[in-house]
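Working notes, beginning with the structure itself.
The values are calculated or read from the model by the stated rules, or taken from the named source; none is laboratory data. Remember, it's a predicted structure, so these values are computed and weren't measured experimentally. All Cβ positions, even for glycine, are placed from backbone atoms using ideal geometry, and neighbour counts span all protein chains on display.
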Amino acid sequence: MSVQQSSQALVVARDLAKTFDVSAPWLSRVIERKPRQLLKAVDGVSFEIERGKTLALVGESGCGKSTVARLLVGLYEPTRGALNFDGQDAYAAFKSSDAKAMRKRIQMIFQDPYASLNPRWTVEAIVGEPLHEHGLIKDAQELKDRVAELLKSVGLSALDMVKYPHQFSGGQRQRISIARALATAPDFLVCDEPTSALDVSVQAQVLNIMKDLQRERGLTYLFISHNLAVVRHVSDKVGVMYLGQLVELADKHTLFDNPQHPYTRMLLDAIPKMKDTGRARTPVQGEVPNPLNPPPGCSFNPRCPLANARCKTERPVLKDLNGIKIACHAVEEGRH
């Protein structure tokens with residue numbers, strides 16, 4: 001499925017895929033006569049993100065959300081597909097002499113603030129490292145001033161520069177991670193479940209900081225999360241992933257108010273709502289199939305209440321239907 005690049009799109013992903021070889025060692029395969037095993041973590045994902053907007057990717061664990069995040073920042077090389085960033089081929093840029101210039105504009109906030117910060121470094125060293133690495137600031141005093149400014153922008157104090165990560169709470173550590181990501185003045189931030197390791201009371205603070213920074217700096221976000229309440233708060237568009245594929249992509253309000261794909265409905269029905277007390281809901285049925293041996297046809301068909309013979313043999317592709325993008329035979333045929 002191709003995505004037409006709009007004039008406002010900063011990020012355009014076309015048919016992105018990533019396959020991992022998870023086979024046993026060669027000698028074991030020869031002795032035990034085992035075949036190679038390939039895991040399709042991401043299988044043909046296409047989307048675009050408009051400048052200054054937020055696209056959220058949601059889905060159950062193992063659906064490929066974090067792999068997409070790593071593909072967008074160049075931590076993984078795609079098996080196939082293309083990534084266009086502000087009119088440039090991002091993967092060609094990552095391999096060229098312009099790699100630093102591209103990486104300066106694309107930064108990532110990682111999931112676990114307890115693991116993503118070096119415990120041996122002070123906050124000044126952590127936040128200042130991107131500035132030093134990209135050669136943006138060479139004067140020591142100017143570097144201190146810039147780090148202090150970044151810390152203040154995320155609600156921390158300049159006095160925190162001399163402290164170490166273990167002296168901060170989880171929410172404060174994630175603010176340090178955000179300050180580090182902002183150091184190079186990026187245009188695009190990939191946020192891989194940035195609040196999942198935090199207490200609920202702290203999540204709102206971090207999310208509000210991110211929203212404020214987006215308004216002030218015109219940042220573009222890809223926001224990865226399994227928390228639909230968080231997604232509803234921060235996103236403009238939402239993509240729903242299942243077994244490495246996008247199954248629905250729509251405006252936030254459209255998706256939450258009128259979900260079309262059976263899987264999206266299942267996810268939303270799993271959220272308790274006061275107003276829905278007594279209403280029949282679609283339960284979350286079955287287990288996610290083994291990604292090493294996905295079912296033929298639509299990958300959701302073993303769990304889908306609307307599946308028919310076509311669903312079990314023909315894989316649906318993402319299509320435009322009534323203003324949303326959806327990959328579902330049942331919706332296409334009006335059986336939903």
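Remarks
- Of all residues in region 304-336 being among the charged types (D, E, K, R) and either touching a residue at least 40 places away in the same chain (Cβ under 8 Å) or in contact with a Ser or Thr (Cβ under 8 Å, 6 or more places away or on another chain) (or both), the one that is surrounded by the most Cβ atoms within 10 Å (Cβ to Cβ): K325
- If you go through region 132-173 and keep only what is closer than 19 Å to R217 by Cα, crowded, with 20+ Cβ neighbours inside 10 Å and out of contact with any Asp or Glu (no Cβ under 9 Å at 6 or more places or on another chain), you end up with L150, V154, L156.
- Single condition S28 does not satisfy, out of (1) among the polar types (S, T, N, Q); (2) without any contact (Cβ under 8 Å) to a residue 12 or more places away in the chain; (3) in a strand (DSSP E or B): (3)
- G44, sole failed condition from (1) in contact with a Gly (Cβ under 9 Å, 6 or more places away or on another chain); (2) at pLDDT 95 or above; (3) assigned to a strand (DSSP E or B): (2)
- Of all residues in region 200-255, exactly one satisfies the criterion of being in contact with a Gly (Cβ under 8 Å, 6 or more places away or on another chain), in a helix (DSSP H, G or I) and within 18 Å of K325 (Cβ to Cβ), namely T254.
- Each residue in region 206-219 was checked for being over 18 Å from F110 (Cβ atoms) and either touching a residue at least 40 places away in the same chain (Cβ under 8 Å) or out of contact with any helix residue (DSSP H, G or I) (no Cβ under 7 Å at 6 or more places or on another chain) (or both), and 7 of them qualify.
- Whenever a residue of region 65-76 is of a type in the set (F, W, Y), its partners that are outside any loop (DSSP other than H, G, I, E, B), lying with C-beta atoms within less than 8 angstrom and at least six residues away or across chains, give the pairs Y76/K18; Y76/T67; Y76/R70.
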